[in-house]
Amino acid sequence: IAKLFGGYSVFAGVGERTREGNDLYHEMIESKVIDLEGESRIALVYGQMNEPPG
């Protein structure tokens, strides 16, 4: 989306979803959405849950 419209993309996850976020990060590198040597317009934001659910 960011490439098509010239904007930025932000993906966020907390707790158990950070594992999937790491997978997403590597998939985005492999598919050239994230260019480690260029100017990518994407942010991945992760947070830690300090309290158990419930």
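Computed from the coordinates by the stated procedures, all read-outs in this text should not be read as laboratory data. Keep in mind that this is a model prediction, so the values were computed, not measured. Glycine also receives a Cβ, built like all others from the backbone with ideal geometry; neighbour counts cover every protein chain displayed.
Taking the Cα-to-Cβ direction at Phe5 and at Met49 and moving 7 Å from each Cα, how far apart do the two end points lie in nm?
Modelled inter-label distance: 3.0 nm.
Evaluate 2.2 N^0.38 Å with N set to the residue count of region 2-47, then give the Cα radius of gyration divided by it.
1.17
For Lys32 and Thr18 in one chain, what is 0.36 nm times their gap in residues minus the Cα-Cα distance, to one decimal in nm?
3.0 nm is the gain from fully extending Lys32 to Thr18.
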